[in-house]
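Notes to accompany the following structure.
The values are calculated or read from the model by the stated rules, or taken from the named source; none is laboratory data. Since the structure is predicted, the reported quantities are computational estimates derived from the model, not experimental observations. No Cβ is skipped: glycine too gets one built from the backbone with ideal geometry, and neighbour counts run over all protein chains shown. SASA here: full protein model, heavy atoms, side chains in, ligands and nucleic acids out. Shrake-Rupley method; radii C 1.70, N 1.55, O 1.52, S 1.80 Å.
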Amino acid sequence: MRQQIAELSPRKVPQQQRAQFTVDCILGAAESIIIKSGYDAATTNHIAEVAGVSIGSLYQYFSSKEAIAAALVENAVSKATEVLRECILANMGKPLAEAIRTIITVILSTRREYNFIFMLLPRQVPKLGKLSRSVTTEKFLYNTIRTFYHHHKHEIVVEDLEIAMFVAQHLVVGSIDAYLEDNSILITDEQLVDHIADAVVKYLTK
């Protein structure tokens with residue numbers, strides 16, 4: 001596991017603004033190619049060409065296209081984590097039902113925005129499977145989420161907060177991911193959020 005993650009890690013972390021711009025161009029080009037033509041089409045040469053950088057510059061930062069894909073996952077998780085952390089903290093003092101509905105709305109938004117990165121890319125890149133399971137917004141937000149549950153402990157009847165967090169997390173994320181994958185579901189975003197929020201609140205409080 002550690003060896004595989006090491007293989008997917010960047011060779012070099014950009015320290016200057018120009019270097020960060022180069023990395024951003026590489027990642028943007030890779031995502032554009034994969035979305036448009038599929039992962040197989042995203043050779044390092046093609047990525048470098050679309051990014052407008054030399055292949056040597058690309059290899060300064062990434063050892064392979066798998067490493068570039070891994071960086072796409074990590075960047076998406078990092079950005080989504082910050083959005084969700086701000087949302088959880090902003091709703092910490094609100095009643096549980098109101099806070100949960102707002103948080104689920106933001107989770108739906110971030111899962112949709114990064115749907116390709118969170119769900120589709122790991123299927124095209126088998127090596128990303130373990131990384132995608134270890135690098136998640138839920139793991140990065142563990143302490144923030146636990147603080148939220150403790151803050152509302154007087155409303156929650158589930159005695160074991162770890163169990164409560166686990167069940168609620170999978171109920172929310174699992175339902176949202178299934179909804180985003182199934183275009184035939186004839187419900188609106190608002191209806192989905194209402195039903196998930198109602199289920200989570202009932203589980204936690206009754």
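Hey, could you check the stretch 152-166 for residues that are more than 15 Å from Ile100 (Cα to Cα) and in contact with a helix residue (DSSP H, G or I) (Cβ under 8 Å, 6 or more places away or on another chain) and say which is least open to solvent (accessible area, probe 1.4 Å)? Taking the candidates together, the pick is Leu161. Within the stretch 56-85, restricting attention to residues that are part of a helix (DSSP H, G or I) and among the polar types (S, T, N, Q), the residue that is most open to solvent (accessible area, probe 1.4 Å) is Gln60. Considering (1) farther than 30 Å from Ala199 by Cβ; (2) of a type outside the set (Val, Ile, Thr); (3) open to solvent by 60 Å² or more (accessible area, probe 1.4 Å), say which one Leu89 fails and leave the rest. Every condition holds for Leu89 apart from (1). Only one entry of Ile104, Ile117 meets the criterion of being at pLDDT 95 or above, touching a helix residue (DSSP H, G or I) at 6+ places or on another chain (Cβ under 7 Å) and open to solvent by less than 10 Å² (accessible area, probe 1.4 Å), and that entry is Ile104. The condition (being in a helix (DSSP H, G or I), out of contact with any Phe, Trp or Tyr (no Cβ under 6 Å at 6 or more places or on another chain), of a type in the set (Val, Ile, Thr) and modelled with pLDDT of 95 or more) is satisfied by just one residue among Ile88, Ile34, Ile26: Ile26. Please determine whether any residue of the stretch 122-144 is more than 22 Å from Ala70 (Cα to Cα) and either open to solvent by 50 Å² or more (accessible area, probe 1.4 Å) or more than 19 Å from the chain's Cα centre (by Cα) (or both). Yes, the conditions are met somewhere in the stretch 122-144.
Only residues that are surrounded by fewer than 16 Cβ atoms within 10 Å (Cβ to Cβ), part of a helix (DSSP H, G or I) and not acidic (Asp, Glu) were counted across the stretch 167-184, and they come to 5. Cβ-Cβ distances below 6 Å connect the following pairs, each with a first residue in the stretch 162-187 that is under 13 Å from Ala199 (Cβ atoms) and touching a residue at least 40 places away in the same chain (Cβ under 8 Å), a second residue that is of a type in the set (D, E, K, R) and surrounded by 11 or more Cβ atoms within 10 Å (Cβ to Cβ), and a separation of six or more residues or different chains: Ile176/Arg111.
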